[in-house]
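*Asks:* Can you read through this structure? Questions will come right after.
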């Protein structure tokens with residue numbers, strides 16, 4: 001066991017005190033809202049942060065992890081494993097958990113759809129006539145929700161996602177330190193990838209260098225989007241299955257490193273480089289405009305600011321200056337999810353709050369180039385407390 005009483009197998013565990021803070025805050029909210037038990041299910045650690053936040057153990061690789069969190073007892077976890085598994089947890093790994101139930105279910109085998117719900121029902125049996133809060137309904141399988149609601153028809157069901165999100169998005173000092181460590185790791189990954197670029201490499205080779213650096217420096221998971229393109233012909237980012245293009249002299253290469261750092265917190269860093277040529281002046285000018293649009297956003301990211309108002313103001317600025325409007329997502333929160341609330345968008349009802357981890361990444365094609373910057377900021381009492389990435393805000397020239 002490690003010196004903190006936890007298994008040496010754990011890479012960067014959150015402290016038990018931090019977990020207890022989360023549990024206490026959640027139970028206080030449950031008491032206020034009359035919720036007796038929470039049910040959540042995630043199957044990945046890209047957008048599956050609820051399970052990680054409650055247990056410090058991620059859901060991974062499409063295998064569902066289900067957590068039952070009572071207001072008055074320790075948790076039960078349902079996860080991948082042998083038929084009939086029912087064991088006490090390893091206390092130096094699973095903190096706050098009293099029981100682990102296992103089953104070999106697979107989402108690709110539809111007939112196993114009720115294996116996990118049947119086990120979750122065992123833990124929920126004492127709450128058959130109580131108030132059950134679903135957390136993250138969009139991520140929970142239909143099979144889980146359907147089975148539980150039919151199994152316990154006398155229970156009262158509520159969507160508790162908003163209640164948990166309000167707590168989860170405000171970062172503690174310990175969580176903020178992990179956010180900063182993720183950003184520093186990504187600075188190194190970007191530097192390593194750009195230093196290695198040369199004509200003849202494929203986009204996937206560049207992404208692999210960033211991934212390898214991150215893995216060696218504590219990353220738990222993430223995405224690495226790379227796209228090369230001739231100058232004057234703006235392209236689009238792509239996942240690995242569209243990272244086969246061969247990089248040539250005179251190309252622009254755009255790289256996004258959006259991975260979780262030690263401890264599982266996400267940030268993201270995005271930059272471009274040019275290969276074997278000088279950065280065209282027009283590209284420098286457009287980067288300066290991109291930074292101006294980002295500053296407009298940063299100046300509005302103050303506690304109490306409306307996410308909708310920020311989105312509308314940004315798009316009005318882009319329209320006024322003849323640039324494409326944002327039509328997807330250019331600014332949002334991050335934590336154990338690579339996209340976490342709030343979304344800076346016209347459909348987000350929240351306002352900005354102190355101690356959020358916010359990424360800003362205006363990205364658009366204009367003037368023959370893919371133009372963008374991507375960095376993270378912690379929100380302080382008066383707005384962002386400076387950029388937490390240190391990678392230069394420039395288009396890099398590589399030999």
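*Asks:* Has region 140-157 got any residue that is outside the structural domain of residue 255 (by TED's automatic domain parsing), out of contact with any helix residue (DSSP H, G or I) (no Cβ under 7 Å at 6 or more places or on another chain) and crowded, with 17+ Cβ neighbours inside 10 Å?
*Replies:* yes
*Asks:* Then there is this: Does residue 244 fit the bill of being within 21 Å of the chain's Cα centre (by Cα) and either free of Cβ contacts under 8 Å to residues at least 40 places away in the same chain or surrounded by fewer than 23 Cβ atoms within 10 Å (Cβ to Cβ) (or both)?
*Replies:* For residue 244, the condition - within 21 Å of the chain's Cα centre (by Cα) and either free of Cβ contacts under 8 Å to residues at least 40 places away in the same chain or surrounded by fewer than 23 Cβ atoms within 10 Å (Cβ to Cβ) (or both) - is not met.
*Asks:* Of the residues 228, 306, 260, only one is under 22 Å from the mean Cα position of the chain (by Cα) and either free of Cβ contacts under 8 Å to residues at least 40 places away in the same chain or crowded, with 21+ Cβ neighbours inside 10 Å (or both); which?
*Replies:* 260
*Asks:* Before we move on, is residue 292 assigned by TED's automatic domain parsing to the domain that holds residue 348, surrounded by fewer than 18 Cβ atoms within 10 Å (Cβ to Cβ), more than 23 Å from the chain's Cα centre (by Cα) and not in a helix (DSSP H, G or I)?
*Replies:* No, not satisfied.
*Asks:* Give the residue, chosen from 96, 84, that is surrounded by fewer than 16 Cβ atoms within 10 Å (Cβ to Cβ) and at positive phi.
*Replies:* 84
*Asks:* Go through (1) under 18 Å from residue 274 (Cβ atoms); (2) modelled with pLDDT under 95 and name the single condition residue 240 misses.
*Replies:* Here residue 240 meets the rest and fails (1).
*Asks:* What are the residues in region 121-159 that are under 26 Å from the mean Cα position of the chain (by Cα) and assigned to a helix (DSSP H, G or I), if any?
*Replies:* Result: 142, 143, 144, 145.
Residues are listed down the side, and each one gets a yes or a no for (1) in contact (Cβ under 8 Å) with a residue 40 or more places away in the chain; (2) surrounded by fewer than 19 Cβ atoms within 10 Å (Cβ to Cβ); (3) closer than 18 Å to residue 265 by Cα:
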residue	(1), (2), (3)
176	yes, yes, yes
198	yes, yes, no
239	no, yes, no
250	no, yes, no
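*Asks:* From the set of residues in region 48-71 that are assigned to a loop (DSSP other than H, G, I, E, B) and in contact with a helix residue (DSSP H, G or I) (Cβ under 8 Å, 6 or more places away or on another chain), which is farthest from residue 164 (Cα to Cα)?
*Replies:* Ranking the candidates gives 64 first.
The values are calculated or read from the model by the stated rules, or taken from the named source; none is laboratory data. Keep in mind that what you see is a predicted model, and the values were worked out from it rather than measured. As a convention, Cβ positions derive from the backbone with ideal geometry for all residues, glycine included, and neighbour counts pool all protein chains shown.
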